[in-house]
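Presented below is the structure to which this report refers.
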Amino acid sequence: MDTGLTLTFVISFCSLFILRKLAKRIELVDIPSGRKQHQGVIPLVGGIAIFFTVALTLLRTPEITEEPTLYLICASILVFTGAIDDKFDISVKARLIIQVLMSVIMIKTGGLFLSQLGNLIGLGNINMILPLSYIVTILAVLGAINAFNMVDGIDGLLGGLATVTFASLGYLFWLDGQHNLSQFCMVIVTATLPYIMLNLGFPLGQRFKIFMGDAGSVFIGFTVIWLLINGSQGEHSAFRPVTALWLIALPLMDMVTIMFRRVRKGQSPFKPDREHLHHICQRLGLSPRMTLLAICTLATIFAYIGILGEQLQINETVMFGAFLMLFAIYFLTISYSWRITTYLRKINVNLPQLR
């Protein structure tokens with residue numbers, strides 16, 4: 001780790017300790033409930049500390065990302081909104097409106113939008129006209145933000161999945177010679193590590209436990225889509241759009257599957273529940289740490305497939321078809337998880353009952 005990244009790690013670690021004390025004073029904490037099964041009140045400042053650290057780095061070295069001022073403005077508003085939501089639980093509609101506004105600002109002010117999707121279906125490059133490209137970009141921003149928000153269900157999971165995605169992006173930027181953006185990705189990974197440590201109770205135990213909060217999941221989701229657009233669009237793109245799908249495959253598939261199941265039941269697609277992949281893994285008898293390891297390993301495998309496809313320049317249509325096949329398998333597995341659990345329970349009587 002070079003000097004800059006070491007400083008990033010130290011700033012992030014110290015920020016967590018300062019902010020956790022402030023969070024307890026203003027009651028920016030997570031309280032156990034029927035759906036939130038943890039002990040004691042936990043400060044919701046992990047994401048704020050990561051954002052603060054990344055912002056300080058950008059103020060010192062703004063050249064490591066495109067449009068740093070615009071990025072910081074949009075990210076600041078989203079993080080602030082997330083913190084307000086953590087404190088007062090604002091409506092889904094209000095959150096979505098703000099996310100859409102930030103998307104529009106990103107598109108109109110920074111010129112960052114999805115203009116082409118690559119040769120996904122074998123009929124040539126898919127170029128979108130402006131109204132359509134703007135709509136698709138807004139949907140992509142909303143999708144990335146809410147995908148990472150929805151996976152934040154067990155200790156270490158959001159931080160682990162974010163680390164996999166940003167490390168993969170950093171590697172692809174590095175391979176393409178875009179070392180500034182690669183450095184930006186590594187700054188985010190380094191700033192996230194102290195949060196993961198405290199979130200998992202290492203090395204100081206559960207007393208200093210920290211949660212990410214909606215402020216953090218929103219920040220991570222927005223930053224992911226910001227980098228995916230930077231990396232996959234334009235003349236100097238670092239990777240093809242289909243590769244972006246593989247880098248966020250697991251959060252994306254989990255979100256779409258869960259939202260579809262909720263709508264099919266006549267519920268709001270944003271209604272919280274306990275039907276995510278990490279919940280199912282625990283119902284199968286895996287401990288929280290084994291669940292974390294299993295899901296992060298899966299995400300790493302998916303990201304590696306995307307990177308390998310990019311390096312070998314495997315046909316985009318083949319990569320997209322493989323992704324759709326993977327999604328179909330995932331969707332069916334989650335949809336029939338109760339049958340799978342029942343079958344496994346017959347084999348192993350020690351499995352907990354599916355609730």
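The values are calculated or read from the model by the stated rules, or taken from the named source; none is laboratory data. From a predicted model like this one, the values you see are computed outputs, not experimental measurements. No Cβ is skipped: glycine too gets one built from the backbone with ideal geometry, and neighbour counts run over all protein chains shown. The protein model used for the area step is the full one, side chains on, heavy atoms only, and it has no ligands, DNA or RNA in it. Shrake-Rupley method; radii C 1.70, N 1.55, O 1.52, S 1.80 Å.
Observations on the structure shown:
- The lone criterion from (1) at pLDDT below 95; (2) farther than 24 Å from PHE211 by Cβ; (3) surrounded by 16 or more Cβ atoms within 10 Å (Cβ to Cβ); (4) not small (Gly, Ala, Ser) left unmet by TYR71 is number (1).
- Elements of type helices (runs of 4 or more DSSP H) in the range 221-289, at least 1 residues being open to solvent by less than 10 Å² (accessible area, probe 1.4 Å) and at pLDDT 95 or above: 241-247, 249-264
- For the range 107-139, the set of residues classified as open to solvent by less than 80 Å² (accessible area, probe 1.4 Å) and in contact (Cβ under 8 Å) with a residue 40 or more places away in the chain consists of GLY110, LEU112, PHE113, LEU114, SER115, GLN116, LEU117, GLY118, ASN119, LEU120, GLY122, THR137, listed by residue number.
- Filter pass, ALA140 being closer than 30 Å to ALA23 by Cβ and either at pLDDT 95 or above or touching a strand residue (DSSP E or B) at 6+ places or on another chain (Cβ under 6 Å) (or both): no
- Taking first residues from the range 309-327 that are farther than 14 Å from LEU117 by Cα and partners that are of a type in the set (Ser, Thr, Tyr) and assigned to a helix (DSSP H, G or I), the Cβ contacts under 8 Å between residues at least 6 apart in sequence or on separate chains come to GLY309/THR243; GLU310/THR243.
- Flag if VAL92 is surrounded by 14 or more Cβ atoms within 10 Å (Cβ to Cβ) and aliphatic (A, V, I, L, M): no
- The criterion of at least 3 residues that are within 19 Å of ALA215 (Cβ to Cβ) and among the β-branched types (Val, Ile, Thr) is met, among helices (runs of 4 or more DSSP H) falling completely within the range 85-203, by 92-110, 179-199.
- Restricting the range 189-219 to residues that are in contact with a Ser or Thr (Cβ under 8 Å, 6 or more places away or on another chain) and β-branched (Val, Ile, Thr) leaves a set whose member that is surrounded by the most Cβ atoms within 10 Å (Cβ to Cβ) is VAL218.
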